[in-house]
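Input: a single structure, listed below in structure tokens.
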């Protein structure tokens with residue numbers, strides 16, 4: 001998900017940055033910095049989405065997760081707000 005969003009984001013930012021700055025070198029560096037920065041910002045959302053998807057998959061097998069809060073607090077420990 002991060003790679004696909006970067007693959008879409010980099011060319012768009014590259015073209016816009018090229019038209020604004022006028023130089024390919026600066027435009028390429030800015031597009032890469034933008035993709036890396038936004039990729040890191042999206043990481044917690046992707047982890048939480050994968051957690052929710054895994055929870056649904058486990059429940060589909062008939063397992064009951066009585067204590068989801070400790071698992072959710074583990075995610076907060078990994079990436080605090």
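The values are calculated or read from the model by the stated rules, or taken from the named source; none is laboratory data. Predicted model, so just to flag it, every value in this text is computed and none were measured. Note that we place each Cβ from the backbone using ideal geometry, even for glycine, and neighbour counts take in every protein chain shown.
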Kindly state which helices (runs of 4 or more DSSP H) lie completely within the chain and contain at least 1 residues that are modelled with pLDDT of 80 or more and in contact with a helix residue (DSSP H, G or I) (Cβ under 7 Å, 6 or more places away or on another chain).
2-21, 24-60
Just the residues that are surrounded by 13 or more Cβ atoms within 10 Å (Cβ to Cβ) and farther than 30 Å from residue 49 by Cβ, please, taken from region 1-20.
18
